[in-house]
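Notes follow the structure.
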Protein chains: 4
Amino acid sequence: MYKLDLKKDRPIDLIALGRLCIDLNANEINRPMEETRTFTKYVGGSPANIAIGAARLDLKTGFIGKVSDDQMGRFIQHYLIENDIDVSGVEVDQTGAMTGLAFTEIKSPEDCSILMYRDNVADLKLSTTDIDEEYIKRSKALLISGTALAASPSREAVYLALEYARKHDVVVLFDIDYRPYTWNSPEETATFYNLAAEKCDVIIGTREEFDMMEQFEREAGADDQKTAKKWFDHHAEIVIIKHGAEGSIAYTKDGGSYKGGIFKTKVLKTFGAGDSYASALIYGLFQGWDLPRAMTFGSASASIVISKHSCSDAMPTVEEIESFMAEAQQVT
Amino acid sequence: MYKLDLKKDRPIDLIALGRLCIDLNANEINRPMEETRTFTKYVGGSPANIAIGAARLDLKTGFIGKVSDDQMGRFIQHYLIENDIDVSGVEVDQTGAMTGLAFTEIKSPEDCSILMYRDNVADLKLSTTDIDEEYIKRSKALLISGTALAASPSREAVYLALEYARKHDVVVLFDIDYRPYTWNSPEETATFYNLAAEKCDVIIGTREEFDMMEQFEREAGADDQKTAKKWFDHHAEIVIIKHGAEGSIAYTKDGGSYKGGIFKTKVLKTFGAGDSYASALIYGLFQGWDLPRAMTFGSASASIVISKHSCSDAMPTVEEIESFMAEAQQVT
Amino acid sequence: MYKLDLKKDRPIDLIALGRLCIDLNANEINRPMEETRTFTKYVGGSPANIAIGAARLDLKTGFIGKVSDDQMGRFIQHYLIENDIDVSGVEVDQTGAMTGLAFTEIKSPEDCSILMYRDNVADLKLSTTDIDEEYIKRSKALLISGTALAASPSREAVYLALEYARKHDVVVLFDIDYRPYTWNSPEETATFYNLAAEKCDVIIGTREEFDMMEQFEREAGADDQKTAKKWFDHHAEIVIIKHGAEGSIAYTKDGGSYKGGIFKTKVLKTFGAGDSYASALIYGLFQGWDLPRAMTFGSASASIVISKHSCSDAMPTVEEIESFMAEAQQVT
Amino acid sequence: MYKLDLKKDRPIDLIALGRLCIDLNANEINRPMEETRTFTKYVGGSPANIAIGAARLDLKTGFIGKVSDDQMGRFIQHYLIENDIDVSGVEVDQTGAMTGLAFTEIKSPEDCSILMYRDNVADLKLSTTDIDEEYIKRSKALLISGTALAASPSREAVYLALEYARKHDVVVLFDIDYRPYTWNSPEETATFYNLAAEKCDVIIGTREEFDMMEQFEREAGADDQKTAKKWFDHHAEIVIIKHGAEGSIAYTKDGGSYKGGIFKTKVLKTFGAGDSYASALIYGLFQGWDLPRAMTFGSASASIVISKHSCSDAMPTVEEIESFMAEAQQVT
């Protein structure tokens, strides 16, 4: 079994760090975006979604990030506050940066795509001076999102947050969340992902994301066991490798490997599956559940979110997940 | 009176050059954007609006510009085609540039603002290789928008289009359309606006815009007569200086000055007033109307547009303007 | 004959504007630079060389430019002052820019090359705020060098200086001096060269440089007559087209064309030929000489400079040129 | 005592990685650079100097770096080859980058300064694709220079070289060599220096350099013991902290601390002291000497170099150092 030393006496359960942006979801679905005319605005960004998901599950949640000094930035701040997320670590950019946008196109449940606006985004302006050692020290766990490593000064801010987290025994969860835009090259990406992953306790990513990180290794070959072993040699306790529709597999340092259950659901779109899975899985780790139970709980949360129009706003409560599990058909 | 030599035998009346972008207009109006949830998508950008307005008024209209290679760019292309605008001069960017966005916020009819996304925009990727001498030669008039001067390579493309237009006796209309974003400094702005204005037959701008262009002159002092005189010493035949609610004044090279009428209307928002004014005024110039008549026609068009939700999509036909004029109350 | 209205009552004869840099000339010549070990430092840059040449010929000379805030910049300032050049228009950069460097390699008199350091150079930091209308107004002639158009903010500074020069009837001399580095594209180059050349009284360049400027013209074809005619339609009075070893040809607005004589000399290197030619030719224009005489004087100056190790430091006096002409063999 | 596992059976003793540039040393010394006229060209850059020093001491030495595709780059390649340094890891840049330059000014032995040209330098174009795992695997030790961390893609190349070195048990020596130019901020600098230092066996720097690296620590306070301890908790075996004229102190993981002797010498300039010290110290480590002996040998080498005009070219042989030590007066 895994060992995560979540310090009981700390007031914050989880601090998420990274991207805060806006999703603009097409209201007229099942057609190309050229033919849609209206969009609905939601808070988005992988760590934002996970934080919102965690807060809905009653974890005491905080955020470290940076928003634009405009209507979009203020909308995000308000939404986080409404969802009981502590925003004392959310700074307002003063350089004229913009909030990142994601226009979603839902042609069919299987054919979804995103049009991203990521030039000069506020979230990547997070800097080392925005990282408060005391704030991190007061939390049990820190979730970092790989997108925050994509550019300076946010990249340095992540490494400093990791340094403080390790120094103060904060459990570090790494959601790889690799998006090719913003990065200059695959080599740059792999270099800085690896330097971050070395310092993390729990690493969650898709097989393709781990392959990206292993590009400098001659023996690279999509071998889940080897992938997990590499990180256990550093600080990792749990490595979760996602294989899409075939489900995920979790490895633990003590040699264990585990699969969770998956549910049948009516899919509207695929966005948000990973973030809802992660937040509910993390909830399970906080409860001390064994991995299969936490993973199954994550899958149930994902099944709920992919049947709804938004990602963030659709994040379920514990009761909603339990109701769903009571009624849904488990596939594996 | 003014002399504009619009060559009768040419197949295209007006080619507009410059910005093609997207307006995302808040559907829930009379509140700050933080509190709006849905937006409607329209084609936007000053020269785009003028071209659409001209086409609605049955001028044979073409466009020279560049759109992003994505859903937004394709939406713009489709909309121009639907509005009978020739898009043979509209190229598709291959560098990964984005379509510019303008989120509009309507707090009240008097308090409107725009949140612009202008980083890495496709319209400023227009380059000299996109400028076809033959295409320009086939038109009676060319409308350039100052925003297209804001950065290379679009800046060079504008100067080349101007060079071809002068070479082939195409009448050049200059809509100053100054927007501080994208420009590096006021000095840069004034320098390149002046170099363009020297080559134009009709120049339309606000008093503030002309002040910006005169910043290197010690005697600068918001003197409309002097402002107009300066450009008559180059190629200008008509200079129109807009004074907001106090109306516009047109100067002609032969010493004339003229005012047009203004109408009472129910204002929803102020966006689009200038573009609808310009397109209807240009229509008047094409009809050979005297300036007061053309200006009054322009004002009527503006009054219609500011009472509606969009800019481009609200551009009226000749019949609509005439109906409006028949019923509306003229204020001056 | 040409008409240049050099205002007699003005205290400054010639202001040169543009590049101030450092030549580092290999001391061990007739070998590749890989095998040289020591270099001698001289002031360099085409307009600097022309200004130094003009000052040596007793023209009252000033300079508008920008130098780095370091030992190289101070060396340049000192050298200009020692050569009786007014440096009140030479500003010191405060942005950390560097002085441009040119390492010269003399493999043989026919095989010379230059290794340029032009990243982040101080001369291109000249800005519109450095351009003093009063200073320009006090001069008879302004020499601009095309290299100063290569980037902002220097580009805007050149156009403003041109604007002031035209406004105050200062004769403008344009030394094309095209160097491909620093420019982003041939199209950008031609665009901004053309916008400057429109405002000049005397234009001096090689056939290749004029070809570059004519790249957007379908009928382009290295026709000297047509080239000159184009600029006479703007403000030019004299256009001089250089054909390398075959000598130069000067065209005047009234239809004249003229050639000057060339002298036999012992060539050490080819650098500096154009700049010494220009300064002595300009001297001739100031004396009111006919073009062939001024051109021959220019050729004699060039013959002297290419037989010596430096460009700037070798610029001859009137007496030296006259002595040379008395003894040298004229080839054409 | 320290434990460095230098693998005996490997063909290369030391590979240095990083900056390869040119020193241009004023020939006329004891005056400001404004008054010097000639310069002599040498190979320069801290890791280049250390490699040349190591090769002079008969270590089998290689280099991983990138040079410009011009006369300066070829001069560097030739010089390394002449000094028996393997250049199979030295690539030629194809992006138009320049060789970095350092003009040295020697006003007096105590007042020396450097004017650096570091824009667009070839050495920082080193990329991960230039790092050959097999080459690193064939060496006993790898020396990295902090300057190579200053920008991408060189930064990523350093981390990849470190990864390969650790994987194949190559001893890593880190010469901090912090130069503020090129870096964007102190925070960026500290972040990437720390991530590198975590992976090194021997770390050499000045007290000021270690202070820079500790800027995120509240308890920072120039405490040598604490500084060393921090790195022993990662991989370090030896940490050497230089205190200028007061000498250096070496700490070892087992709790030892050591000082070496210093010699009286006639100082011409201070440049090159650190590099000659490092190369001779490294030689001592290769001989298995105890630290005081290796440090004293380093000091002797430094004393020789600071009495001569160049850095690289003045690097002594074992015999020269031994002769010097036999005759020189040891001060401490």
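Any read-out appearing in this document is the output of simple, stated calculations on the displayed coordinates, not a laboratory observation. Everything quoted here is computed from the prediction, not taken from an experiment. Please note: Cβ atoms are built from the backbone with ideal geometry, for glycine as well, and neighbour counts cover all protein chains shown.
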Note, ³J(HN,Hα) from phi for region D:17-31, Karplus 6.51, -1.76, 1.60, rounded to Hz, x at Gly and Pro: 10, x, 5, 10, 9, 10, 9, 10, 8, 4, 7, 8, 9, 6, 7
Region A:145-216: radius of gyration and largest Cα-Cα distance (Dmax), Å: 11.6, 33
Cα centroid of region C:47-94 to Cα centroid of region A:293-321, whole Å: 72
Average other protein chain Cβ within 10 Å of Cβ, residues B:280-293: 0
Shielding by other protein chains, C:187-194, mean Cβ within 10 Å: 5
Phi-based couplings in Hz for region D:63-71 (Karplus 6.51, -1.76, 1.60; Gly and Pro marked x): 9, 10, x, 9, 10, 6, 8, 8, 4
Amide proton proximity set for D:GLY261, modelled H, under 5 Å, gap of 5+: D:THR296
Cα-derived Rg over Rh, computed across the protein assembly as shown with Rh taken as Kirkwood radius: 1.01
Packing rank of D:175-182, A:294-301, where each peptide gets the mean count of other beta carbons within 10 Å, highest leading: A:294-301, D:175-182
Ascending list, in nanometres, of distances separating the C:ASP223 label from those of the other copies (7 Å, Cα toward Cβ): 4.5, 7.4, 8.5
Amide H contacts under 5 Å for A:GLY44, placed H, 5+ residues apart: A:CYS21, A:ILE22, A:ASP23
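Can you check what the net charge comes to around B:LYS41, using other residues whose Cβ is under 12 Å from the Cβ of B:LYS41 (Lys, Arg +1; Asp, Glu -1)?
That sum, taken over residues with Cβ under 12 Å, equals -4.
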Karplus-derived HN-Hα couplings along region C:38-45 (A = 6.51, B = -1.76, C = 1.60, θ = phi - 60°), whole Hz, x at Gly and Pro: 10, 10, 10, 8, 9, 5, x, x
Copy-to-copy label separations for C:ASP254, where each label sits 7 Å from Cα toward Cβ, in nm and ascending: 3.7, 9.8, 10.5
For D:34-42, mean number of other protein chain Cβ atoms within 10 Å: 6
Amide proton proximity set for D:ILE64, modelled H, under 5 Å, gap of 5+: D:ALA16, D:LEU17, D:GLY18
Estimated distance in nm for a label pair at C:GLU208 and B:GLU82, the labels positioned 7 Å out from Cα along Cα-to-Cβ: 5.4
Pairwise centroid distance, computed over Cα atoms, of region C:228-274 with region C:1-35, Å: 17
Per the axis that maps chain D onto chain A, nearest residue of D (Cβ criterion) and its distance in Å: D:LEU195, 3
Hull volume in cubic angstrom per residue (convex hull over the Cα atoms of region C:193-332): 113
Local electrostatic count at D:LYS308 - Lys and Arg +1, Asp and Glu -1, tallied over other residues with Cβ under 15 Å: -1
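Over 23 Å between Cα atoms, which of B:LYS230/C:LYS137; C:LYS140/C:LYS264; D:LYS230/D:LYS269; B:LYS107/B:LYS308; A:LYS226/A:LYS253; D:LYS3/D:LYS137 qualify? Please list the in-between numbers first.
Working: B:LYS230/C:LYS137 20 Å; C:LYS140/C:LYS264 34 Å; D:LYS230/D:LYS269 34 Å; B:LYS107/B:LYS308 15 Å; A:LYS226/A:LYS253 12 Å; D:LYS3/D:LYS137 20 Å.
C:LYS140/C:LYS264; D:LYS230/D:LYS269, as the Cα separations exceed 23 Å there.
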Label-to-label distance, nm, for residues given as B:VAL267 and D:GLU320 (7 Å Cα→Cβ offset): 8.2
Label zone at C:ARG166 (point 7 Å along Cα-to-Cβ), backbone N below 17 Å, region B:132-160: B:159-160
Label 7 Å beyond Cα on the Cβ vector: B:ASN184 copy-to-copy distances, nm: 1.0, 1.9, 2.0
Stokes-Einstein D (µm²/s) once Rh is taken as the Kirkwood radius of region B:52-101 over alpha-carbon pairs, at 37 °C in 0.692 mPa s: 292
Qualifying lysines (Cα of each under 17 Å from Cα of B:LYS259; at least 8 residues distant if same chain): B:LYS242
Residue-count net charge about B:PRO180 - beta-carbon cut-off 15 Å; Lys, Arg +1, Asp, Glu -1: -4
Largest to smallest principal axis extent of the C-alpha atoms in chain A, angstrom: 53, 49, 44
